Amino acid sequence: MTSTTAKHLATALAALGAAFILYIGLSYLIAPQASASQFGVPTWPRQDGTAFLAVKGVRDAASGLVILALLLTGQRRALGWALAALTFVPLGDMVIVLGSGGPAATAYGVHGATAAVVAFTALLLLRERTPAATSTGPGITSSAV
């Protein structure tokens, strides 16, 4: 894979990831009870768990906004490190689903797969090489973006 192809792939995956996690976060904020079963944990018979599910929605929406902010400002290396750290969120979700007796297919197919994609995107971003600055005159440098 060429560095240009890897860069475009990393950008696309980061943008898709941001959009997806923002959608998930907003879903939990708008309809927390309906979203709980998709997460892989049992829902509560009453509204007792609504606040907890709203917390998950805020967490997911904030994760998406961090990804978008770093992507839009061109902070690709920082984005790589942020995604590497954020990999622990879906890994933790997978462990929670498995530990609460939730479906293994959801644990591995949703949360495990998400962790793998986030880690892969982080790896692509962290492996990118920044172009070396070239001198264009006394004290003036330029670099390709």
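Compute the FRET efficiency between Thr130 and Ser100 as 1/(1 + (r/R0)^6), taking r as their Cβ-Cβ distance and R0 = 35 Å, and round to the nearest 0.05.
0.20
Using 12 Å as the cut-off for backbone N distance, which residues of the stretch 80-99 belong to the label zone defined by a point 7 Å from the Cα of Phe20 along Cα→Cβ?
Under 12 Å, as judged by backbone N against the label point of Phe20, lie 90 of the stretch 80-99.
Would you work out what percent of the accessible area of the stretch 1-41, with all protein chains in place, is carbon or sulfur (probe 1.4 Å)?
So the carbon and sulfur contribution to the accessible surface is 73 percent.
Round to the nearest 10 and report in Å² the accessible area of Ile96, as given by a 1.4 Å probe over the protein chains' heavy atoms.
The accessible area of Ile96 comes to roughly 90 Å².
At 7 Å along Cα-to-Cβ for each site, give me the label-to-label distance between Tyr108 and His8 in nm.
Taking the simple label geometry, Tyr108 and His8 are separated by 3.4 nm.
If you plug each phi of the stretch 7-21 into the Karplus form 6.51 cos²θ - 1.76 cosθ + 1.60 with θ = phi - 60°, what whole-Hz ³J(HN,Hα) values come out, in order, with x for Gly and Pro?
Result, rounded to whole Hz: 5, 5, 5, 4, 5, 4, 5, 5, 5, 5, x, 4, 5, 5, 5.
Report Arg59's accessible area, 1.4 Å probe, all protein chains in place, as a number in Å² to the nearest 10.
80
Per-residue accessible area for Ser37 at 1.4 Å probe radius, Å² rounded to 10?
80
The values are calculated or read from the model by the stated rules, or taken from the named source; none is laboratory data. No experiment lies behind these values; they were computed from the predicted model shown. We place every Cβ from the backbone using ideal geometry, glycine too, and count neighbours over all the protein chains shown. All accessible areas refer to the heavy atoms of the entire protein, side chains included, with ligands and DNA or RNA removed. Shrake-Rupley method; radii C 1.70, N 1.55, O 1.52, S 1.80 Å.
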